[in-house]
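Contents: one structure, followed by commentary.
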Amino acid sequence: MAARKSAVKGSDRGRLARLREEVYRANMDLVERGLVVSTFGNVSGIDRELGLIAIKPSGVDYADLSPANMVILDLDGRKVEGDLNPSSDTRTHVRLYKEFAEIGGVVHTHSRYATAWAQARRPLPCFGTTHADYFHGDVPCTAVITDQQIKRDYEEETAVQILDAFRRLDYKATPGVLVASHGPFTWGKSPAEAGYHAWMLEFAAEMAAVTVRINPGIRGVRQSLLDKHYLRKHGKDAYYGQGHA
């Protein structure tokens, strides 16, 4: 994929440099948190004012990454800057940015437990308050992608599967999804927050797997308790932490 001539000039170069750094750092956080192996996984970030996306290059070992080799794309997924090819999941990321207007970062991993739930083609149940602190209910699992979708545009159709799973869900309240037979995607206001949500999703997925082994008949947490824990962190009257009067 050849890059177009970049139109980014002057003071905007500084903004683009910050975006590259944020996306690079979020990719490296996946390694530090044990969420990726080999070259699996990718992070992207968007500067909506510039109309540009930075994303991990495809198939590059994490040890070889740098802010400089993050690939810069426009909002149609066309390469604007960079010598390397962008992530093979680029079209999924781009479509999510178009449809989820308030997100600033997207993460895809093949983390062990979240991917196991995706391969089992099961939504991740909310069994307790730790899950409820970050996801307001079960994390959905998409339908299995069809042969026809795979033949059309696999990565674009992966995004379609995600969007279908969120027809009746708030993407801000549930910042993640399990793509059936594939793995998790998460998002957030920034690349760093999207990566944090990937970490919390993996933690919740591991706890849920252990929970159903201990008690196979366990049911989801009571709605009132779920609401209390989610809303005390994220609701309009949130009071968790130090950021509230």
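The values are calculated or read from the model by the stated rules, or taken from the named source; none is laboratory data. What you are looking at is a predicted structure, and each value in this text was computed from that prediction instead of being measured. Note: ideal-geometry Cβ built from the backbone for every residue, glycine included; neighbour counts use all protein chains shown. Heavy atoms of the whole protein, side chains included, go into the accessibility calculation; ligands, DNA and RNA do not. Shrake-Rupley method; radii C 1.70, N 1.55, O 1.52, S 1.80 Å.
Table for the structure above
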item	result
Selected from ALA120, ALA17, ALA63 as most flexible by GNM, with the chain as the system and alpha-carbon contacts under 10 Å	ALA63
Among ILE53, TYR24, THR39 - extreme Cα towards positive end, dipole of the range 1-90, charges at beta-carbon	ILE53
Pair-distance profile P(r), taking every C-alpha pair of the range 110-155, with 10 angstrom steps and integer %	23, 41, 26, 10, 0
Whole-number accessible area per residue in Å² for the range 188-238, which is evaluated in the context of all protein chains at 1.4 Å	60 Å²
Fraction of the pair-distance distribution of the range 143-187 above 15 Å, Cα-Cα pairs, percent	40 percent
Orientation-averaged projected area, Cα convex hull of the chain (nm²)	14.5 nm²
Accessible carbon and sulfur surface of the range 40-136 relative to its total accessible area, %, 1.4 Å	44 percent
Semi-axis lengths (Å, descending) of the ellipsoid that matches the C-alpha gyration tensor of the range 42-168	26, 17, 16
For GLY34, net neighbour charge (Lys/Arg +1, Asp/Glu -1) across residues whose Cβ lies under 10 Å away	0
Largest-first principal axis extents of the Cα set of the range 58-130 (Å)	45, 31, 22
Accessible surface, per residue, of the range 1-105 when the full set of protein chains is kept, probe 1.4 Å, Å²	47 Å²
Per principal axis, descending, Cα span of the range 160-245 in whole Å	43, 33, 25
0 to 90° range, to nearest 10: angle between helix 12-32 axis and the chain longest Cα axis	40 degrees
Dipole moment magnitude, nearest 20 debye, the chain about Cα centre, only Lys, Arg, Asp, Glu C-beta charged	400 debye
